[in-house]
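Visitor: What follows is a structure written as C-alpha cells; I'll ask about it next.
The values are calculated or read from the model by the stated rules, or taken from the named source; none is laboratory data. All values derive from a computational prediction rather than experimental measurement. Here the Cβ is made from the backbone with ideal geometry for all residues, glycine too, and neighbour counts use every protein chain on show. When the accessible area is computed, the model is the full protein with side chains, heavy atoms only, and any ligands, DNA or RNA have been set aside. Shrake-Rupley method; radii C 1.70, N 1.55, O 1.52, S 1.80 Å.
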Amino acid sequence: MFKKSLASALLVCTVPAMASGAWFLTTKVTSVGGTLRYDYQGASAFQSYSSGAKTKSFDAYNAATVSVAADTHNTIKSVTITKVDKDGTQTVNTQTGSSVSINPADGDNFTVWANFQVDPVTARASVTNGSVSPSSIGNLYYGYKVMSDLTFSFTPKVGYTMGAISGAPTDSLVVVSNASKADQRATVTFKKGYVFTGPVALSAAAAAPANRPSLSTGAPQNVAAGNSQGVSLTATTANVGAVTWYYVSGPQNAVAYNTVAGKVIATVTPAPSVSGFTDQNDTNNTGVAGGNIQKVFTGPTASSVTVSFPAGAAAGQYKFLARATGTDNKIYNSIATVNVLAHASDVGTQCQSCHTANNIRTVADTSSHASCQACHFVDAGHPGAVNAGSVNAASFTVNVDNVANGNGTAAAQGTNFCASCHSAGNAAQAIPTLTTHQNKVCSACHASAHETHVVSATCQVCHATVNDHTAATMGTKGCTDCHDGHNPTVATKPFEVAAATHPPVVLYTFEEIGMQMAGGQKVPVQVDASGKGMPYSPKQTCGTSGCHVINGVDYSYDKISDHAFHSNQGRSEYTDTANGKFDATKNKPWTQSTAMVGKW
C-alpha cells in the first residue's frame, strides 16, 4: 500500500500545475542515437536518452526553437510535437527535421519527443570467374556485433586460381585466407565478436591458366518457325583456331540398320535438313570396328553463324556442334541447342517450363500475361531483347500487324498492346476510356511489360500535396486504398475504411540486451537452428514513434504506457545483484525485477 501511495504521489508531482500566464514545455529523447537541446528565455536544456523527460514553465510567449541532432551513423527517425491548449484540445504533428518551431499561448502544454534510429550498413561480396557464398548479408547496422563466425567463401571456375581478396577490414577478428593454387577456395571470416563499423565490399577475381584453350556456346535458345531473323549461334573462344559448325541432330533423325559380319550397325542421319549445312560426313568410327555411325552435316567456319527455320519447319530440338583445335593441338567441342516451336503461341508455355523450374522470373509473376512471344520471340532468339519491331517497350504500342497478345488473338498495328485484354469489350479488366489519366501512356505509371500490374510511379510524382492527406491524418494508407488508379475521382472503398495489411517488421529483443551487445542500439531477435534464442520485445518492435497513428494521435510506447502504473512496478527492485540495482551484465537482465516491469 505504501508503494502504491508513494507512486501516486510522485505521479501527481510530475504533472505541470496550470498557472495563469504560463505555458509548459516537456522534452525527451526516446531512444539512443542523438540529442535534443533548446535555449529560451534564460532556460536551456541538453538531453540524451539517459536524461529522461524534462519540463519547464515559461511566462514569455516568443517563438521557441528546439534543435534535434543525430549522432554519427544515426538518423532522426521522428520528432513528435504534441500540443494541448488550455481548453484541452490536443494536436499532434510528426516530422523528421532537425528544428522544431513552437509558438506558445497562455496555458499551452507542449511535448517534444525525439526518436532516432541507427543507420544500416551493407556487407557484400563479388567475384569474377567464380562464385561467392553468401553474396550479401542483410539486416546489418552500424555497431552490429557478430554472434557466431560469419564466412564468405570464394570458389573459382574449374582450373582457375582465385586471386587475393580485397575489401576486408583490418581487424584481428577478420581472418582472410587467400588461395595459393588452382581450384582452391578462398575465404574471409568475421569472427564472433566483430563489430561492423562501416560498409564491407569484398571482391576477388580468379585467373585462368596461361594460354588455356577454351570453347563454349550459349544457353539453349527458343524460336518460332517462320521468324524473320533466325537464330544466332555464337562460340566464345580462347587460344583455339577457326571454329567449324556441324548440324548433328534434329527432331526427325533418320535411322538405318545394316548387318555387317553378323553385327547390327545403326546409322543416324540428322533430319530435317537445315539451310547452310549440306556436306554429309561420318563421325565416331565408320565401319564394323567402330560400331554405330553418326552422320553430320558440315556448315560454315566462323565464330558466329545465323540459322533460319522457315514456316512449316519441324518443331523440336536441333543440336549444332562447334569444333576447333586448341594451341595444345587438342580438339575442343561445344553443343548449341535450338528449340523450334511450330507456332508463336507455343512460346509462352516453353518459356515457363524452364523459368518456373529454375526459379527465374516468369512473365506471369504478378500478372495474367503469358505471351512471351509478343515481345521476345517473334523476331528474336533466346533470351531476346524486347523486340521494338513488335511492341514498343515504353508505350506498349503495337508496331506491326498480327502480334500475338495476352488473350491469344492478334493485335493490329498502332493499337495499344495492353488494350487487347483491358478494353471496353472485356469489362472485368477494362481500363476506363475517359478518365483524368486518359492522356497518360501505360508505362507512365506501370513498371514494365513483365510487371504491368506493378505500379512503378507513385501518385506523389504528380500530386505532391493533396489537401490534408499527410502521414498524421492518413497513417499508412496509400492513395489507391481509396481511389481508383485510372480514375482517381472514383472511390473504390469508403474513405473511412481503407483496406491495408501490416508490412513486414523486424523483431527486436529487449533493450537490456542492446545495452550489453550494441551500446544501447536495438538488436534483432536471433535464434539458432532449433528455433531457440532471444526473447521478443513488443516495446522495441512495435512501440516506436510514428508507426501507429490514429486520428492524428501517435500511439508510441511512451503514449501507451503514460498511465500504465502496473507495468512500472518494481522498476527499482532488482533482486539478484549485490546492491539491488539493475545489472546489465546479467545473462537475462529482464528477469531481475520482482514485479511487472520488463515482463511484457
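Visitor: Quick one: divide the alpha-carbon radius of gyration of segment 223-269 by 2.2 N^0.38 Å and tell me what you get.
Guide: Numbers: Rg = 17.7 Å, N = 47, 2.2 N^0.38 = 9.5 Å.
Taking N as the residue count of segment 223-269, the ratio is 1.86.
Visitor: For segment 34-83, just the Cα set please: Rg and Dmax, both in angstrom.
Guide: 12.2, 38
Visitor: Tell me the net charge near residue 156. Cut-off is 15 Å between Cβ atoms, residue 156 excluded, with +1 for each Lys or Arg and -1 for each Asp or Glu. Don't skip to the end; give the middle numbers.
Guide: Details: positive: 157, 181, 185, 212; negative: 183.
Local net charge: +3.
Visitor: When you count, for each residue, the other Cβ atoms within 10 Å and take the mean per peptide, how do 239-245, 250-256 rank with the highest first?
Guide: Values: 239-245: 18.3, 250-256: 13.9.
Output ranking for 239-245, 250-256: 239-245, 250-256.
Visitor: At 1.4 Å probe size, what's the solvent-accessible area of residue 73? Round to the nearest 10 Å².
Guide: Its accessible surface works out to 80 Å², give or take rounding.
Visitor: Using square roots of five times the C-alpha gyration tensor eigenvalues, list the equivalent-ellipsoid semi-axes of segment 164-226 in whole Å, biggest first.
Guide: Details: eigenvalues 289, 76, 17 Å².
In descending order, the three semi-axes are 38, 19, 9 Å.
Visitor: So, one more: Would you mind pulling out the separation of the Cα centroids of segment 134-195 and segment 75-101, in Å?
Guide: 46
Visitor: Jot down the radius of gyration and Dmax of segment 146-190, Cα atoms only, both in angstrom.
Guide: When restricted to Cα atoms, segment 146-190 yields Rg and Dmax of 11.3, 36 Å.
Visitor: Strictly over 32 Å apart at the Cα level, which of 54/532; 181/319; 181/522; 181/532; 191/539; 77/145 would you flag in this model?
Guide: Details: 54/532 40 Å; 181/319 37 Å; 181/522 43 Å; 181/532 41 Å; 191/539 30 Å; 77/145 22 Å.
Flagged as over cut-off: 54/532; 181/319; 181/522; 181/532.
Visitor: Further question on the same structure: Just in segment 291-332: which trypsin sites (Lys or Arg not before Pro) are loop by DSSP and have at most 10 other Cβ atoms within 10 Å? Please report the intermediate quantities before stating the final value.
Guide: On the way: sites: 295, 319, 323, 330; in loops: 330.
In loop regions of segment 291-332 (DSSP not H, G, I, E or B), the sparsely surrounded trypsin sites (Lys or Arg not before Pro) are 330.
Visitor: Here's a follow-up. Suppose each label sits 7 Å from its Cα in the direction of the beta carbon; what would the residue 178-residue 86 distance come out to in nanometres?
Guide: 7.6
Visitor: Looking only at Cα atoms, what is the convex hull volume of segment 120-222 per residue, in Å³? Provide the component values of the computation, followed by the final result.
Guide: Numbers: hull volume 12.2 nm³, N = 103.
About 118 Å³ per residue, rounded to a whole number.
Visitor: Just in segment 190-278: which trypsin sites (Lys or Arg not before Pro) are loop by DSSP and have at most 13 other Cβ atoms within 10 Å? Walk me through the intermediate numbers first.
Guide: Numbers: sites: 191, 192, 263; in loops: 191, 192.
Filter output for segment 190-278: 192.
Visitor: Next question, about the same structure. Given a Förster distance of 30 Å, report the FRET efficiency between residue 550 and residue 105 from their Cβ-Cβ distance, rounded to the nearest 0.05.
Guide: Numbers: r = 26 Å, r/R0 = 0.87.
E(calc), rounded to 0.05, equals 0.70.
Visitor: How big, in percent, is the set of alpha carbon pairs in segment 23-135 lying more than 26 Å apart?
Guide: On the way: 1973 of 6328 pairs.
Summing the P(r) tail past 26 Å for segment 23-135 gives 31 percent.
Visitor: Here is a follow-up. What is the gain in length, in nm to one decimal, between residue 41 and residue 208 on full extension, counting 0.36 nm per residue of separation less the C-alpha to C-alpha distance?
Guide: Taking 0.36 nm per residue and subtracting the Cα distance, the gain is 52.8 nm.
Visitor: Further question: Rank by packing, highest mean first: peptides 112-124, 520-532, with packing defined as the count of other Cβ atoms within 10 Å averaged across residues.
Guide: Working: 112-124: 20.3, 520-532: 13.7.
The densest-packed peptide leads the list: 112-124, 520-532.
Visitor: How big is Rg to Rh over segment 134-292, alpha-carbon atoms, Rh as the Kirkwood inverse-mean-distance radius?
Guide: On the way: Rg = 26.8 Å, Rh = 21.7 Å.
Rg divided by Rh gives 1.23.
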